[in-house]
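A short write-up of the structure that comes next.
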Amino acid sequence: MGNHGSNVDDILAEDMHHWYNKFMKESPSGLITLFELKAILNLKGITENANSYVEQVFFTFDMDGDGYIDFVEYIAAISLLLKGEINQKLKWYFKLFDQDGNGKIDKDELETIFTAIQDITRNRDIDPEEIVTLIFERIDVKGEGELTLEEFIDGAKEHPDIMEMLKNLMDLTPVLEIIVNSRESAIQN
């Protein structure tokens, strides 16, 4: 399989058996806890917002809510992020952004997530407050200060620039590459 995990194409090209072997070598129990995910991503000394974001990602991936990410959840999450239909991705983004679980996203939730993502990726090209203001100016047509799932999906689809911004901000390819590369170095050691 050549150079495993060097980019998204390599990640996608790897077969299920190979992914399973990687998963089981990293997590022989067949389950990844939140603590193990943070260790895999080497997230030491991150901000409180970044830590909350990682926890939110974990709980979003933990589809059955048992406190673990099993292999099926792991593959489903990777497949969604890399190959999922736009509606599926937008629903996942919404679930991730809706930190209090009330079925709506407000400005604070969105800004907190975007700030946390920037803390992790170290990409601070755009001010999170500016992004949130732009999204709410364009999508929150009723001016309520919060977005429902339907408003979020419809608004993102109607504004290609916002869709592109979300895709760029939510690109977890670097995180997946860290996972793949850390697993390979652990396997080699």
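Structure values in brief
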item: Those lysines that a straight Cα-Cα span of less than 21 Å connects to residue 38, excepting residues fewer than 8 apart in one chain; result: 22, 25, 95
item: Average accessible surface area per residue within region 68-140, 1.4 Å rolling probe, Å²; result: 49
item: Residue-span extension gain [residue 148 to residue 133] - 0.36 nm each, minus C-alpha spacing; result: 3.8 nm
item: Accessible-area order (highest first, 1.4 angstrom probe) of the listed residues 109, 129; result: 129, 109
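The values are calculated or read from the model by the stated rules, or taken from the named source; none is laboratory data. Predicted model only: the values in this text are computed from it and were never measured. We work out accessible area using only protein heavy atoms, side chains counted, and drop any ligands, DNA or RNA first. Shrake-Rupley method; radii C 1.70, N 1.55, O 1.52, S 1.80 Å.
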